[in-house]
Each structure stands twice: as C-alpha cells, then as structure tokens.
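Worksheet for the structure shown next.
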Amino acid sequence: MCSATREGGGSAVEQLTAFGAICGSAESFERGRLANEHTPRLKAFDSKGRRIDIVEFHPAYHECMNISVAQGLHCSPSDYLARPGASPATGANVARSAGCYMASQMEAGHQCPITMTNAAIPTLLLQPEIAAGWLPKILSRSYDQSFQPVSAKRSASIGMGMTEKQGGTDVRANTTAAAPVNGGGPGGEYVVMGHKWFMSAPMCDAFLVLAQAPGGLSCLLLPRFLPDGSVNAIHFQRLKDKLGNRSNASSEVEFHGAHGWLVGEEGRGVPAIIEMVTGTRLDCAVASAGLMRLVLANAVHHCRYRTVFQRKLVDHTLMQQVLADLALDVEAATALAFRLCHSFDRADDPRAAAWRRLMTPVTKYWVCKMGPALAHEAMECLGGNGYVEEGFAARVYRELPLNAIWEGSGNVMALSLLLTLQREPEALEIVLDEMVATVGHDTHFKPQLELVQAALHEPRLLEQRGRRLVEGLAKLAAGAILRAHAPAFVADAFIATRLSGPARQTYGHGLDGADTRAICNRVLPA
Ligand SMILES: Cc1cc2nc3c(=O)[nH]c(=O)nc-3n(C[C@H](O)[C@H](O)[C@H](O)COP(=O)(O)OP(=O)(O)OC[C@H]3O[C@@H](n4cnc5c(N)ncnc54)[C@H](O)[C@@H]3O)c2cc1C
C-alpha cells in the first residue's frame with residue numbers, strides 16, 4: 001500500500017484495504033483455481049447449425065469479473081466523465097492500479113477485459129457521440145455477463161482487435177478492410193471484411209478494431225449487436241490453446257460483413273488505438289508486479305514454516321540470500337510501476353507527461369521481462385510443491401510471459417523508447433534530471449548514467465544498444481525511487497547489486513553484507 005500512498009492514491013487506502021481482504025481470501029484463490037481449471041468453451045453454432053458465437057465460462061470467472069467491476073477496475077479513473085464539468089479525481093489511476101495489483105493475484109486472466117475496457121475509454125473519447133452512447137454502460141459497477149444488445153444490459157466491456165496472421169507488431173500489414181456506408185467519415189458506418197488472429201475476451205460488448213478504410217488504416221468500434229438488435233457478423237473460429245492465461249478466452253475471428261463505426265479519422269487508426277495500447281502497457285507492468293509479489297509472499301511464507309536440517313528454511317543463509325534478492329526486484333518493480341501510474345494521473349504536468357512517454361515502454365519491458373525468471377526462482381523455494389498445479393506458483397509462472405509479449409514485446413518496447421528519444425529528446429533530459437537530483441552524488445549510479453548518456457551520443461548505435469538503454473534506464477529509475485523512499489537496507493542492496501558490481505544471471509548472490517533478514521521481514525509481517 002505504501003507505493004500507492006506515495007504516488008497519490010492515499011485517499012483510497014481504506015477502500016483498497018477492504019478490497020485486498022476480498023482478493024486475498026481463501027474463497028477468492030479458490031475461484032481463481034476453478035476459473036483456470038475449467039477453461040472457457042466456444043459455442044459457435046446452435047443445434048440447427050446457426051451461428052451463435054458465444055463463449056461459456058465457469059461461474060468462478062464471472063465471480064472474479066463481478067468483484068473487479070464492482071471495485072471499478074474497468075473504468076474508475078474516468079468516473080468524472082459522468083459529471084459534466086468535473087475533473088479527474090486526484091490519484092485515480094494509482095488507486096485503480098493498486099486494485100488491479102491485488103485483483104491480478106486473485107486471478108490474472110479476467111483482468112484482460114478489465115484492462116481493455118479501462119484503456120479503451122481515451123480512444124472512444126476521440127469520437128464524442130460514440131463515447132456518449134457507450135460511457136454510461138462502461139462506467140456502471142454492475143457486471144452483466146448476458147449476451148444481448150447493450151441497451152438492455154446493466155454494463156458493457158470493450159475489447160481490441162489489431163493482430164492479424166501476417167502482422168501483430170506491424171499492424172500496417174493488416175488486410176481487414178472497412179468499406180464506408182453512406183460516405184463514412186468520423187463516427188460513420190462501415191462494413192468490415194477480414195480476420196483477426198488474436199482477439200481476446202470475445203464476450204466483450206464491442207471491440208476497437210483496426211481495418212483498412214479507403215483513407216488508410218483506421219480504428220472502428222464493432223459492437224456484438226447492431227442497432228436493430230441483430231447479431232453483428234463477428235464469427236469466432238477457435239479459441240487459442242494457450243500456455244497460461246487459461247481462464248481468459250482468446251479468439252481467432254472473422255468479420256463477414258460486420259458493421260463498425262469509425263473512431264477518429266480514416267488513416268489515423270494507429271494514433272487512435274495507441275491511446276488504448278498505452279493504458280494496457282501500464283496494466284501489464286502492474287499485473288506482473290502483483291504476480292511477482294504473490295509468488296514471493298508464498299515463498300517467504302513457505303520458508304518460514306518449513307524445517308530442513310533442524311532449522312527453518314528462512315534461517316539458512318543461502319535461502320535467505322535468495323529470498324532477499326527476489327524481494328529487491330519485487331519492491332523495485334512495484335515502485336517503478338506505481339511511479340508510472342502517478343504519471344498517468346498528472347497528464348497536464350509536462351514533467352509527468354515526459355515520464356509517461358519515456359518510461360511506459362521502459363517499465364513495461366523491465367517489469368514484465370523480470371517476471372518469469374523471478375517466478376521460477378520463487379517456485380524453486382517451494383520445492384516440489386511449487387511445481388504442481390494445486391498451488392498457484394505453476395499458474396503464475398505460465399501467466400507471466402504473456403505480459404511481456406502482449407501489447408508490445410521486448411524489442412518493440414526498446415524501439416518505442418528509441419522513437420521517443422529521437423522525437424522528444426527533452427523527455428530524457430527531464431527524466432534524467434529527476435534521477436540526478438536524487439542520486440547524482442552516488443557513485444554506484446555513475447556507470448549506468450554514463451552508459452545512458454554515452455548511448456545518446458552515438459545515434460548510429462542506438463538500435464544496437466536498445467535493450468541496454470531500456471534496462472539501464474529502468475534500473476536507474478528504480479534505484480532512484482528506492483533510494484528516495486525505501487529503507488536504506490533495501491535501497492543499498494538493490495543499488496549495490498543492480499547498478500554496480502559484477503554481472504549476475506541468477507538470484508541469490510552479491511548480497512554480502514546486506515541485511516537479508518530485514519529485507520525478508522519486509523515482504524510479510526513476521
Ligand atoms: C494470450 C494472447 C492474447 C492476445 N490478445 C490480443 C488481443 O486481444 N488483441 C490483439 O490485437 N492482439 C492480441 N494478442 C496479440 C499480441 O498483441 C501479438 O502477438 C504481439 O503484438 C506480437 O505480434 P506478433 O504475434 O504478430 O509477432 P511479430 O510482430 O511477428 O513479432 C515477433 C517478435 O519480433 C519482434 N519484433 C517485431 N518487430 C521488430 C523489429 N522491428 N526489430 C526487432 N524485433 C522486432 C517482436 O518484439 C517479437 O518478439 C494476444 C497475444 C497473446 C499471446
């Protein structure tokens with residue numbers, strides 16, 4: 001809770017504490033297990049062979065949705081839109097993210113439609129008359145799983161369809177076509193033909209989809225039902241058989257003359273949907289940090305109670321080194337993710353805006369990349385029990401790589417950073433200024449600071465050094481936040497091992513002299 005309070009979400013602490021009790025209950029974890037064991041099933045046709053295109057979920061999945069929607073995780077930063085003339089509430093993004101951090105630990109898959117619905121709002125607002133029609137249902141706290149026109153429902157959720165077989169990163173290769181009806185134009189109607197190779201949460205009530213209109217790649221809103229109450233021609237082909245994220249359905253879909261309404265201008269599809277993509281990148285980092293926290297807490301708990309060679313595991317030096325080392329990354333990932341949330345809350349502040357533009361790809365890259373390796377090590381702390389499905393380490397381990405792939409994988413995040421550096425070099429100056437103000441005097445930071453600054457003076461080598469640059473910036477930022485706000489035993493150990501010292505590939509070394517017991521005790525109250 002201290003990251004959320006520090007970054008501006010303090011007024012929500014009481015509410016978040018109550019929500020945490022729900023997410024952390026035995027019942028919630030049991031729901032998470034059930035929702036992942038009883039995976040969604042596609043019902044494409046009825047008994048007469050007519051298309052119905054619905055996906056059935058286990059009731060536990062709907063319960064998770066119910067809990068997250070009641071908390072407003074799918075929309076709360078936009079609540080102010082329901083009150084004409086109102087401004088965004090202070091810390092609303094941080095408060096929401098704190099909820100998502102905990103809800104992901106309860107069950108991660110259902111967070112997909114929650115994330116997409118929240119992130120879709122800025123894109124929908126580009127077309128005010130479309131937003132006006134959908135927002136009252138989106139802002140509702142009453143989850144409604146029924147498959148019927150949104151006008152008859154208590155609430156609505158929104159998904160996204162960008163990726164095609166020939167292009168996920170390179171969406172300009174999309175071939176799905178949108179032909180205008182009655183001239184088209186912003187807010188106008190189009191007929192859409194084509195496919196999407198990944199379209200998750202297919203029981204959403206509408207999807208923001210990229211398609212080629214006469215003016216170029218464009219963003220359209222495709223509802224499941226048309227205004228006359230008939231079902232739109234959005235035909236699910238299959239559900240993906242995925243490594244993890246199994247409670248959530250991810251469909252392959254074809255549009256056979258589906259109807260969509262243009263959001264923004266023709267040819268401006270990428271700038272329109274990038275608003276949504278940016279929000280989902282933030283959530284990937286927050287969810288990964290939450291899942292890392294879950295496996296770490298499990299590992300520490302297990303080691304406190306498991307006796308090996310007449311001593312608790314946590315009291316064995318080697319194990320304490322491993323747990324403390326994991327804890328440093330979890331604290332750093334959480335701090336960095338919430339610092340990013342803060343920048344979403346301060347859209348009008350140029351310094352916060354610079355942080356948001358530069359550090360969204362950096363944070364998404366670093367936190368999400370760290371997750372799988374950290375979950376693996378935490379799983380090992382649990383011994384054989386960590387590898388079986390009755391616990392949740394195995395599920396978390398299968399879930400985490402998704403956050404790194406989805407919405408911009410590693411190289412794409414590095415390229416996104418480089419693009420910002422080229423277009424807005426002043427953003428880096430602002431971010432580095434902030435770091436130098438906190439840690440400029442600390443010699444441990446020097447090598448990474450020099451590395452980042454040197455990379456900028458070699459524009460030819462920027463792409464070759466892309467990943468080094470991202471990782472360097474992430475570690476600098478995380479180190480600076482910990483130095484400013486964490487106890488010295490945490491900040492010192494993080495900085496000594498991540499910003500200087502010999503290179504490392506695994507956890508559990510380099511902490512000679514660190515107060516590993518204090519670091520472990522900080523994870524869970526003793
Ligand atoms: C479970 C799941 C759910 C998903 N849900 C959705 C959804 O709801 N909607 C949706 O639209 N998509 C969805 N996706 C798709 C996902 O966003 C894409 O898979 C992702 O964007 C990568 O695109 P791609 O698969 O086409 O890979 P590619 O674009 O072929 O990329 C492959 C690799 O190449 C790298 N790469 C790409 N360009 C470069 C470059 N210029 N230089 C160096 N490296 C590069 C990438 O980083 C990546 O590692 C989902 C994916 C998964 C796994």
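The values are calculated or read from the model by the stated rules, or taken from the named source; none is laboratory data. All figures in this text were calculated on a predicted structure; none of them were measured in a lab. Methodologically, a virtual Cβ is constructed for each residue, glycine included, from the backbone with ideal geometry; neighbour enumeration extends over all protein chains shown. Just so you know, the surface numbers come from the protein's heavy atoms only, side chains and all, with ligands and any DNA or RNA stripped out. Shrake-Rupley method; radii C 1.70, N 1.55, O 1.52, S 1.80 Å.
Among the residues of segment 392-430, those identified as at negative phi and among the small types (Gly, Ala, Ser) are 393, 394, 404, 409, 410, 414, 416, 427. Of the set (1) open to solvent by less than 20 Å² (accessible area, probe 1.4 Å); (2) free of Cβ contacts under 8 Å to residues at least 60 places away in the same chain; (3) within 12 Å of the ligand (Cβ to nearest atom), all apply to residue 251 but (2). Of the listed requirements (1) touching a residue at least 12 places away in the same chain (Cβ under 8 Å); (2) over 15 Å from residue 213 (Cβ atoms); (3) within 16 Å of the ligand (Cβ to nearest atom), residue 171 misses just one: (2). Check segment 434-449 and report whether any residue there is in contact with an Asp or Glu (Cβ under 7 Å, 6 or more places away or on another chain) and touching a residue at least 24 places away in the same chain (Cβ under 8 Å). Within segment 434-449 (the criterion being in contact with an Asp or Glu (Cβ under 7 Å, 6 or more places away or on another chain) and touching a residue at least 24 places away in the same chain (Cβ under 8 Å)), the answer is no, since none of the residues qualifies. The strands (runs of 3 or more DSSP E) falling completely within segment 204-267 that include 2 or more residues that are farther than 30 Å from residue 34 by Cα map to 206-213, 216-223, 250-263.
Within segment 76-109, being more than 27 Å from residue 57 (Cβ to Cβ) and part of a loop (DSSP other than H, G, I, E, B) holds for 83, 84, 85, 86, 87, 88, 89, 90, 91.
Restricting attention to segment 380-417 and to residues that are over 21 Å from the mean Cα position of the chain (by Cα) and open to solvent by less than 20 Å² (accessible area, probe 1.4 Å), the residue that is farthest from the ligand (Cβ to nearest atom) turns out to be 381. Just one of the numbered conditions (1) open to solvent by less than 20 Å² (accessible area, probe 1.4 Å); (2) away from the ligand (no atom under 16 Å from the Cβ) is not true of residue 207: (2). Apart from one condition, residue 184 fits all of (1) touching a Gly at 6+ places or on another chain (Cβ under 7 Å); (2) farther than 26 Å from residue 52 by Cα; the exception is (1). Filtered by the rule that a residue be surrounded by fewer than 24 Cβ atoms within 10 Å (Cβ to Cβ), within 13 Å of the ligand (Cβ to nearest atom) and either basic (Lys, Arg) or part of a loop (DSSP other than H, G, I, E, B) (or both), segment 186-203 gives a lone residue, 203.
For segment 361-372, does any single residue satisfy the condition of being among the polar types (S, T, N, Q), modelled with pLDDT of 95 or more and within 16 Å of the ligand (Cβ to nearest atom)? The answer is no, given that none of the residues of segment 361-372 is among the polar types (S, T, N, Q), modelled with pLDDT of 95 or more and within 16 Å of the ligand (Cβ to nearest atom).
Picking from 127, 166, 145, which residue would you name as being open to solvent by 30 Å² or more (accessible area, probe 1.4 Å) and more than 14 Å from the ligand (Cβ to nearest atom)? After applying the criteria, what remains is 145. Of the residues in segment 257-276, at least one is modelled with pLDDT of 95 or more, crowded, with 23+ Cβ neighbours inside 10 Å and more than 18 Å from residue 199 (Cβ to Cβ). Could you please let me know if residue 464 is open to solvent by 20 Å² or more (accessible area, probe 1.4 Å), in contact with a helix residue (DSSP H, G or I) (Cβ under 7 Å, 6 or more places away or on another chain) and not basic (Lys, Arg)? Answer is no for this residue. Residue 336 meets the conditions (1) modelled with pLDDT of 95 or more; (2) aliphatic (A, V, I, L, M); (3) not in a helix (DSSP H, G or I) in every case but one. The failed one is (3). Cβ-Cβ contacts under 9 Å between residues 6 or more apart (or on different chains), taken from a first residue in segment 373-399 that is closer than 16 Å to residue 323 by Cβ to a second residue that is open to solvent by 60 Å² or more (accessible area, probe 1.4 Å) and of a type in the set (Phe, Trp, Tyr), are listed as 375/397; 376/397; 378/397; 379/387; 379/397; 380/387; 386/397; 393/387. So, residue 96, is that one buried (at least 17 other Cβ atoms within 10 Å of the Cβ), closer than 20 Å to residue 280 by Cβ and within 22 Å of the chain's Cα centre (by Cα) or not? Yes: the conditions hold for residue 96. Here residue 521 meets the list (1) in a helix (DSSP H, G or I); (2) open to solvent by 10 Å² or more (accessible area, probe 1.4 Å); (3) touching a residue at least 12 places away in the same chain (Cβ under 8 Å) almost entirely, failing just condition (3). Going through (1) under 23 Å from residue 285 (Cβ atoms); (2) open to solvent by 50 Å² or more (accessible area, probe 1.4 Å); (3) not hydrophobic (A, V, I, L, M, F, W, C) one by one, residue 74 falls short only on (2).
Scanning for something in a helix (DSSP H, G or I) and among the basic types (Lys, Arg), does segment 146-158 turn up at least one residue? The answer is no, given that none of the residues of segment 146-158 is in a helix (DSSP H, G or I) and among the basic types (Lys, Arg).
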